[in-house]
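Report on one structure; see the data block that follows.
The values are calculated or read from the model by the stated rules, or taken from the named source; none is laboratory data. Because the structure is predicted, anything quoted here is derived from the model rather than measured. We place every Cβ from the backbone using ideal geometry, glycine too, and count neighbours over all the protein chains shown. For accessibility, only protein heavy atoms count, side chains too; no ligands or nucleic acids. Shrake-Rupley method; radii C 1.70, N 1.55, O 1.52, S 1.80 Å.
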Amino acid sequence: MAAKNSSVTEFILTGLTDQLELQIPLFFLFLGFYMVTVLGNLALIALIRLNSCLHTPMYFLLFNLSLIDFCYSTTITPKMLKSFVSKKNIILHAECMTQLFFFCFFVISESFLLSVMAYDRYVAICKPLVYMVTMSPQVCLFLLLGVYVMGLSGAMVHTGSIASLTFCADNLLNHFMCDILPLLELSCNSTYVNELVVFILVAIDIGMPIITIFISYALILSSILHIHSTEGRSKAFSTCSSHIIVVSLFFGSGAFMYLKPPSILPLDQGKVSSLFYTIVVPMLNPLIYSLRNKDVKVSLRKTLERKISS
């Protein structure tokens, strides 16, 4: 279904490359990425669900991070894989807006969830005696509700802003998915207000979590520096290292894509940045938390031993 003020009923996605000799190798490459993403995140979800020792606020938040990564990777990757084996990669206007909505919802939700996870680490390190009270199940559910409300409201505004645009003759979308900036490029009316809305929302959706994360880790660093034993400092740093890596990967690529004007960042470079935080980051997150987390490795070993013995 096309927008009422638009003559375009479908878009043609250009995909990652128009070189035919690269289509099949790229298909198998990203199919492998997607399989690792799905298996990694679902395995982490199942592991947290099945092991009572992982039923803590930290792993409750990690459970939701894996769920979000799985969902928004699934929103993007299957359509991109189809583009490698289709002669003409077409997406209907309504399908495009639907993909944009869920993409925005999951990405914004992850952004705020990472800030909640930083707050969780701050309480665990700086206020360990009141950790279970401060991060009670009720508080965790309230924080998680806020995460998804921010994701839903941001997705609705972004999608509504793009859906209000007029798309005329040109329907060739220079991307592998329905993203905000490529769609703005196709509009045949003024997009100044839409670009302003995008910039403000992205500044909020990236800026607020980054400020929260920065303050949390500044307080964490101050607390760690007051720990006299080397072993204590090392243990405190190790509980934060996985989260710091994930935050750097996610916000680094997202800020590079959206916090620069389109004239400074060509769309072809934007596709590479989008590829990183939509495909690579969801694949790496479960690996980072699994390989760098002692509790996860111990729980995985115990689960495998139980399966083998049974």
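Note on region 130-180: along the principal axes its Cα atoms extend 60, 22, 11 Å, ordered by decreasing extent. Multiplying the residue separation of Q19 and I204 by 0.36 nm and subtracting their alpha-carbon distance yields 62.8 nm. At a 1.4 Å probe, what is the % contribution of carbon and sulfur to the accessible area of the chain? That fraction is 71 percent.
Note on S223 and R301: the model spin-label points, each 7 Å out from Cα along the C-beta direction, lie 2.8 nm apart. Per the Cα gyration tensor, region 53-136 maps to an equivalent ellipsoid with semi-axes of 38, 12, 8 Å, ordered largest to smallest. When you restrict to C-alpha pairs under 8 Å that are six or more residues apart and normalise by the size of the chain, the relative contact order lands at 28 percent.
So what is the accessible area of region 52-205 per residue, in Å², with the probe set to 1.4 Å? Walk me through the numbers on the way to the answer.
Working: 6370 Å² over 154 residues.
Per residue, region 52-205 has an accessible area of 41 Å².
How many Lys pairs in the chain lie less than 27 angstrom apart by Cα atoms, where the lysines are 8 or more positions apart or on different chains? Here the count comes out as 19.
Averaging 1/r over every pair of different alpha carbons in the chain and inverting the result gives a Kirkwood radius of 20.9 Å. For a 4.7 Å threshold on C-beta separation, the list of partnerless cysteines in the chain reads C53, C71, C104, C126, C140, C240.
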